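A short write-up of the structure that comes next.
The values are calculated or read from the model by the stated rules, or taken from the named source; none is laboratory data. The model shown is predicted, which means the values in this text are computed figures rather than measured ones. Here the Cβ is made from the backbone with ideal geometry for all residues, glycine too, and neighbour counts use every protein chain on show. Ligands, DNA and RNA are stripped out before the accessible areas are found, and what is left, the full protein with its side chains, is counted by its heavy atoms. Shrake-Rupley method; radii C 1.70, N 1.55, O 1.52, S 1.80 Å.
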Amino acid sequence: MIQEQQWLLSLGTFLPLVGVLVMLFIPKKDEVAAKGVALVTAIATLAVGIYTLVQFDYDQSEKLQFFTTNKWITPIKATYTVGLDGISLPLYILSMVITVLVMVYSWNHVPEPGNTKAFFILMLVLQTGMAGTFVAQDLILFFVFFEVVLLPMYFMIGVWGGENRQYASLKFFLYTMFGSALMLVSFIALFVVTKNAPGVNPDDANFSFQWFDEHGRDIARDTAIWIFAGMFIGFAVKVPMFPFHTWLPDAHTQAPTQGSVILAAILLKLGTYGFVRIAIPFLPQAAVKWAPIIGVLAVIGIIYGALGCLAQTDMKRLIAFSSVAHMGFVMLGISTLTDLGISAALFGMVAHGLITGMLFFVAGSVKERYHTLEIKRLSGMLLQMPKMGWILGFCAMASLGLPGLAGFWGEFPAILASWDPLSGEGLPYGGLSVGLYQGLTIVAALGTVLAAGYLLWLYQRTAFGEVSAEFAGTGHDAHGHDSHGHDAHGDDHSDIHDVNTFEWIAWTPLLIAIVVFGVVPSLMFDVMDPAVSLITDRFGGK
Amino acid sequence: MLVNNFLILGAVLFSIGVYGVIARKNAVLVLMSIELILNSVNINLLAFDRINGTQDGAVFALYIIAIAAAEVGVGLAMVLLIFRNRKTIALDDLSEMKG
Amino acid sequence: MFAESTEAAGWFLENAWLIPLIPAVAFFLILGFGKRMPRGGSEIGIASMLASLVIAAGTAYQWVQRVDAPVAEGEHALARGSFGFARTFSEEAAEAGHEVAPVISTLDWFDIGRLHVSIGSHIDGLAVTLLLLVAFISTLVQIYSTEYVRGDRRYTHFFASITLFSAGMLTMVLAPNMLQFILGWEIMGLCSFLLIGHWWEETANSKAALKAFFTVRVGDMGLLVGTAALFALFGTMEIGEINEQAANFAGDNKGMLLFAAIALFIACIGKSGQFPLHTWLPDAMAGPTPVSSLLHSSTMVVAGVFLVARLYPVFHVGLDINVAGQSFNLIAVIGGITVLIAAGLAFVQDDIKKVLAYSTVSQLGYMMLGLGVGAWTGAVFHIFTHAFFKCALFLCAGSIAHTGSHHSFDMKKDMGGLRKKMPVTFVVWIVSTMALMGVPFFSGFFSKDEIIDSAKHNHYTVFYFVAIIGAAMTAAYMTRATYLTFFGKARGGAAHFVHGHDDAHDTHDAHADAHGHDAHGHDDHHAPAHHSAPLPFAKTDSSWQITVPLIILGVLAIFSGYLNAPALGIHWFEHMTESSIGAGSAMSVPPPPEFSWAAAAPGLLLVLAGFVVSLLISKAVFGEKKTALQGLTQRNSLLGAGHKFLVNKYYLDALYENVIVKAVAYPIARAAYWTNQHVLDGIVNAVGIGGKRTGELVYKYVDQGLVDGAVNGSGATARGAGGALQPVQSGKVNLYGALLFGAAAVGALVLVLVNS
């Protein structure tokens, strides 16, 4: 643990709340001021994040840095402990980047029914919750942040969502709450069991990660399996893993674009992060028993998500289902319990955040222009909006795992790892069934084929071909020449124009990141690998 | 014993408060009854303090007084708003929470 | 700064990684600045390919030097060069006299756990061959394209994609490890998607692009799994190490090696259009012709063959190739089936590009067959020679469509009689066709014959017969195509070109509209008058950007074969490349058999027979029959005496057509084609539709019904419970209060009872 600049993480986490405080005093009508303050706060937070990035000691990325611990709720032994290591760092920064980009995008894309101020406040609160989850080093603190995220998202979907928003938001909320409740029970059980273990001074027990890291592995395997079960459900709902995924398509489809982007880019990662950070290292003896189940469910999710995609007629819903498939690869990587697999999973989390976030951005902009996302009705996007069309193509290619783009490094190493999972002689907690995992690998590889199928199908149907008669004659002319259709006085679809400035500002960083991480994956792997090794070392694998 | 008298006083106040909450229709009176209940608890806390010879109960009592003040503030504000909108503060007429 | 390394292996050998890098950078330059360049970015593409070609040539030169003058022992040391490049020379491989270690330059890319990944170049004979080939053909194709796609609405994109495509292939060819290999492989897949779907406004084209990418992707599954299996088995991604360990494989885990070989071979089936995944290849003709020629000659489709050649020890040991007594193995069987079915299909095509496409599939089958029977050199050499003549043939087809047949590729409707008007195209076509048929002393003969010979020599007798029958079929279908295109009466678009070129152009254009063959999206279509200057000695042929590459390729279609002509005792190519599969290790690939004309004779005779029969049939069916039909009345009046003879001839036609062709050739080929279109394609489509149906069903019932149902069900349960308790929720605050206190009282009572 490196206890320098202890204020840094708290500043980065709570700075958005300062912005919220300022915004409370801005009159509701002054939208520009509200947006300005929110954006400035988010950028300031990102600046803190970048400072963190610069100050981070990359040679010791396995250690918790900027570590600080304080008393918080003494009676229940909860502490305020925050720290950042190589696993959290990319996600912590990603959450800040995404928030800024979403705000830029929202500048002229505030969804119905308006109320700009509240919308931006919610985004700032979300940011605090997300960042806090990634830096928390105490179970109760983690849980609080984990739940803080829930409420703004609930409102975002419920107020600014699509036609079916009430149902979707409620489903999202109840589903996640259900998981969280079991998770909390598990946390408390974990605490009680470790506290009352023989040879342990009960007064030393607390909720810090360090305590569980040291004492969780001593719990009897049968007990540990039950405790793991609670955590599994809590995190699996959030990931979401098959069969706990059904909230996701509804939430994504109904959420406003900004909500979808944040949901896909960050919120889903809270679940996988929980597995890597909490469930697996604290209860290694149970993790080995649970891993095959996770692996099988992950692979079912991969195939199932892909099949779901093939059945969709709505672009946004298709992208939502593709999340199920992609998170399946992430979970498959985690379930191998190897260095390679978990590193791949962490990379996949960030890559999925960038790529799927980007896809949701595009879907949102398409919806805004065409007022529909029905794949049947869209055609010839490349003719009407060439740049948008190419961006969609780029993201589709990244999403289906083209080498040289970020998506590949989440998928392929996961496949490599699952062919050769934790196995061998003399492992402290036992190994995994190699045969089972090799079967899973083949099925997962089939998933990459299906991914190509649905994404290219989507692309062929929407981007290629002639412009459908319904939208012809609006915006760009049929051959994509220079007439920028900016006259908004025509009929319904006259606002079909190519990517605008705010969209460019919001999207360019993501597009660049997809390429950069695709070309230089070591940027992330080098940071994560030592921290991941620290987790996998306890399993004694290769 | 002297302490018992305090406890009996608390119980009486509590009962009056409960009666008020259940039986009265005027929202202001209900609020006042709630205050009675809270204060009966305060009395009890102080009485037990005396029995045990500690100061914790007094701390809690102060805490409750502060909470009660806030609660009455909010409650009266709500009653005022309800009155402004409906011209009545009879609780029987306010059944929006009916499930 | 390269001084140290120059002494070790030679500048070009160590900096071969520049070869793919230059076009890759050019790709971004074209995308960024292409539209502002005077020639729309094509100059960047061509310049980058020329630069790559120069470096590839330098690499080849230095490789030849390296082979001829084996390096001294001391130089096989680990040397660290500039830019953090770690240069490793495999020391073990340098024992025997003609053993030449590959030159490997790598740059660390990243490490995750035990996975170490680098990028760089692995230069050996095989890589050098392909590098030179790809750079050379890409250059020619790009020059050709400047004329062929001139005025296209996505001219710049075209050059960007085709440049990136070449970069992908080059990246793959010199890959030192499997990850870089996959990188190049997938970049090609992406570019093929872009290029085949270049005119994506038409649904057919975008569907063909989708089909190509998707079919290849099905195979890629094997590549991913196979690579994972190899990594688990050998713990490395380096191709050199994998080969070495596979060649000396002694572990008890032979099943895993077999599995890896099969998985990787599935990738090759997809990429190289082998049976049963070949169906994407003919559809891929939807792309512009230069794309077809590039895809089908030196890049994309040979990638699969290259993978087998590159990792030959894995396949050789994994599949027990050349083990005594083996007469069948997966690679040979798939290759053999592909040779025959594709050749059969080539008979019934009207589209000249489809004939060539099936021909490519068939020739790829030869390469696979060669690898399957242990004729490594023959197969690789066939890649080399095939690239030149097949590229030439496709470019000829493009030249005809561009100039002669008014943008149609239909041989029956719009071609015929073009030989006089398009002399350059004609001569190159004939030369290339003879090379393809395997006529002695043309390049194809030397490579194909070695494969056929090896099949017999290595006791793969069945495949020997498959190969010579395939050779006869090749001769036959190419004769048919040649006859239809260049001989007989000019028809449709060609008739206009041949007869009406001196007429006014207005009829020409009217004709174009009437036929509507301009289906390939040439936006601003230009009459031949607007083309660039043709060569002086062939004024009616296509312009020089088209004919010059054709002439170069035509010359190479003859002479490239002389690099390895066993018939003349030349084994130079073999000498240059043999170290690529680690000869001298425990793995033993049988040496190529001694050439003898007696052994080659059956094959040659069959080729001749195929040629003669096909010529006669073609003449009868496509040539004379039409004159007989059309000229019947005419001749009645002019040549009454010859009528009976004509009738007799017509009778012969009927015999040929009705009995031989219709009863034998057509049904078989049609059946194959039907099988292709309905069974295999049907399976592909059915799998697609079935997948979608399954998806829909799963979605409808399982997802929305069961899983969601459970969720909604729990909601309903909660609602039901809530309903039962509804009366309690009177909305009366007093009642709530009473309940609260009642509950508290009960709680207190319980507490008291429990504690007492």
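Quick check on C:Ile239: is it of a type outside the set (D, E, K, R) and either touching a Ser or Thr at 6+ places or on another chain (Cβ under 7 Å) or open to solvent by 10 Å² or more (accessible area, probe 1.4 Å) (or both)?
So C:Ile239 does not fit the description; no.
Return the residues of the stretch A:289-316 that are open to solvent by 10 Å² or more (accessible area, probe 1.4 Å), among the hydrophobic types (A, V, I, L, M, F, W, C) and more than 14 Å from chain C (Cβ to nearest Cβ); say none if nothing qualifies.
Answer for the stretch A:289-316, where residues must be open to solvent by 10 Å² or more (accessible area, probe 1.4 Å), among the hydrophobic types (A, V, I, L, M, F, W, C) and more than 14 Å from chain C (Cβ to nearest Cβ): A:Trp290, A:Ile293, A:Val296.
Every residue, every condition in (1) assigned to a helix (DSSP H, G or I); (2) open to solvent by 40 Å² or more (accessible area, probe 1.4 Å); (3) within 14 Å of chain C (Cβ to nearest Cβ), yes or no:
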{"position": "A:Ser180", "(1), (2), (3)": "yes, no, no"}
{"position": "A:Ser186", "(1), (2), (3)": "yes, no, no"}
{"position": "A:Val192", "(1), (2), (3)": "yes, yes, no"}
{"position": "A:Val237", "(1), (2), (3)": "yes, no, yes"}
{"position": "A:Phe242", "(1), (2), (3)": "no, no, yes"}
{"position": "A:Leu263", "(1), (2), (3)": "yes, no, no"}
{"position": "A:Phe275", "(1), (2), (3)": "yes, no, no"}
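Only one of A:Thr41, A:Thr13, A:Thr52 is without any contact (Cβ under 8 Å) to a residue 60 or more places away in the chain and buried (at least 18 other Cβ atoms within 10 Å of the Cβ). Can you tell me which?
Of A:Thr41, A:Thr13, A:Thr52, the one residue that is without any contact (Cβ under 8 Å) to a residue 60 or more places away in the chain and buried (at least 18 other Cβ atoms within 10 Å of the Cβ) is A:Thr52.
Kindly establish whether C:Ile137 is open to solvent by 10 Å² or more (accessible area, probe 1.4 Å), in contact (Cβ under 8 Å) with a residue 24 or more places away in the chain and of a type in the set (Val, Ile, Thr).
No; evaluated as a whole, the condition is false for this residue.
Go through the stretch C:221-239 and give me each residue that's among the aliphatic types (A, V, I, L, M) and free of Cβ contacts under 8 Å to residues at least 40 places away in the same chain.
C:Val225, C:Ala228, C:Ala229, C:Ala232, C:Leu233
Would you check which residues across the stretch A:317-330 are within 13 Å of chain C (Cβ to nearest Cβ) and not hydroxyl-bearing (Ser, Thr, Tyr) and list them?
Those that are within 13 Å of chain C (Cβ to nearest Cβ) and not hydroxyl-bearing (Ser, Thr, Tyr): A:Arg317, A:Leu318, A:Ala320, A:Phe321, A:Val324, A:Ala325, A:Phe329.
Checking the structure you have, find out if any residue of the stretch B:20-38 is more than 14 Å from chain C (Cβ to nearest Cβ) and within 23 Å of C:Ala738 (Cβ to Cβ).
no
Being modelled with pLDDT of 90 or more and either in a helix (DSSP H, G or I) or under 19 Å from C:Tyr736 (Cβ atoms) (or both) is the requirement here; does B:Ile64 meet it?
yes
Test of understanding: among B:Arg24, B:Arg86, which residue is closer than 17 Å to C:Leu735 by Cβ, touching a Leu at 6+ places or on another chain (Cβ under 9 Å) and open to solvent by 90 Å² or more (accessible area, probe 1.4 Å)?
When all the criteria are applied, what remains is B:Arg24.
So which helices (runs of 4 or more DSSP H) are wholly in the stretch C:194-282 and hold at least 3 residues that are within 11 Å of chain A (Cβ to nearest Cβ)?
C:203-234, C:254-271
Checking A:Ser186 against (1) in contact with a Lys or Arg (Cβ under 7 Å, 6 or more places away or on another chain); (2) under 28 Å from A:His245 (Cβ atoms); (3) not hydrophobic (A, V, I, L, M, F, W, C), only one condition comes out false. Which one?
Unmet condition: (1).
Take the residues in the stretch C:168-192 that are in contact with a strand residue (DSSP E or B) (Cβ under 8 Å, 6 or more places away or on another chain) and polar (S, T, N, Q); name whichever of them is farthest from the other protein chains (Cβ to nearest Cβ).
C:Asn177
Among (1) facing another protein chain (nearest Cβ under 10 Å); (2) open to solvent by less than 30 Å² (accessible area, probe 1.4 Å); (3) under 20 Å from A:Phe360 (Cα atoms); (4) not in a loop (DSSP other than H, G, I, E, B), which single condition is A:Ile391 missing?
A:Ile391 satisfies all of (1) facing another protein chain (nearest Cβ under 10 Å); (2) open to solvent by less than 30 Å² (accessible area, probe 1.4 Å); (3) under 20 Å from A:Phe360 (Cα atoms); (4) not in a loop (DSSP other than H, G, I, E, B) except (1).
Residues being in contact with a Gly (Cβ under 7 Å, 6 or more places away or on another chain) and within 21 Å of A:Ala220 (Cα to Cα): count how many of those fall in the stretch A:427-439.
Counting residues in the stretch A:427-439 that are in contact with a Gly (Cβ under 7 Å, 6 or more places away or on another chain) and within 21 Å of A:Ala220 (Cα to Cα) gives 3.
Answer with yes or no whether A:Ser180 is over 29 Å from A:Lys35 (Cα atoms), out of contact with any strand residue (DSSP E or B) (no Cβ under 9 Å at 6 or more places or on another chain) and modelled with pLDDT of 90 or more.
When the stated conditions are applied, A:Ser180 does not pass them.
Would you call B:Thr54 loosely packed, with under 12 Cβ neighbours inside 10 Å, at negative phi and in a loop (DSSP other than H, G, I, E, B)?
Taking the combined requirement at face value, the residue satisfies it.
Going through A:Ala363, A:Ala406 one at a time, which residue ends up being touching a helix residue (DSSP H, G or I) at 6+ places or on another chain (Cβ under 6 Å) and either at pLDDT below 90 or under 17 Å from C:Leu183 (Cα atoms) (or both)?
Residue meeting the stated conditions: A:Ala406.
Could you say which residue among C:Ala47, C:Ala56 is in a helix (DSSP H, G or I), buried (at least 22 other Cβ atoms within 10 Å of the Cβ) and modelled with pLDDT of 50 or more?
Only one candidate qualifies: C:Ala56.
Going by what's in this entry, would C:Leu706 be described as over 30 Å from C:Leu340 (Cα atoms), of a type in the set (A, V, I, L, M) and modelled with pLDDT of 75 or more?
no
Within the stretch A:400-420, can one find any residue that is within 14 Å of chain C (Cβ to nearest Cβ), open to solvent by less than 10 Å² (accessible area, probe 1.4 Å) and of a type in the set (S, T, N, Q)?
Looking for residues that are within 14 Å of chain C (Cβ to nearest Cβ), open to solvent by less than 10 Å² (accessible area, probe 1.4 Å) and of a type in the set (S, T, N, Q), one finds at least one in the stretch A:400-420, hence yes.
Please name all residue pairs, on different chains or six or more residues apart, with Cβ atoms under 8 Å, provided the first residue is in the stretch A:417-439 and is without any contact (Cβ under 8 Å) to a residue 60 or more places away in the chain and the second residue is open to solvent by 10 Å² or more (accessible area, probe 1.4 Å).
Filtered contacts from the stretch A:417-439: A:Trp419/A:Gln438; A:Trp419/C:Ala232; A:Val434/A:Asp420; A:Val434/A:Ser423.
So, in the stretch A:38-84, how many residues would count as being in contact with a Lys or Arg (Cβ under 9 Å, 6 or more places away or on another chain) and among the aromatic types (Phe, Trp, Tyr)?
Matching residues across the stretch A:38-84 total 1.
Output the number of residues of the stretch A:492-532 satisfying the condition of being surrounded by fewer than 16 Cβ atoms within 10 Å (Cβ to Cβ), at the interface with chain C (Cβ under 9 Å from one of its Cβ atoms) and assigned to a helix (DSSP H, G or I).
Residues in the stretch A:492-532 being surrounded by fewer than 16 Cβ atoms within 10 Å (Cβ to Cβ), at the interface with chain C (Cβ under 9 Å from one of its Cβ atoms) and assigned to a helix (DSSP H, G or I): 1 in total.
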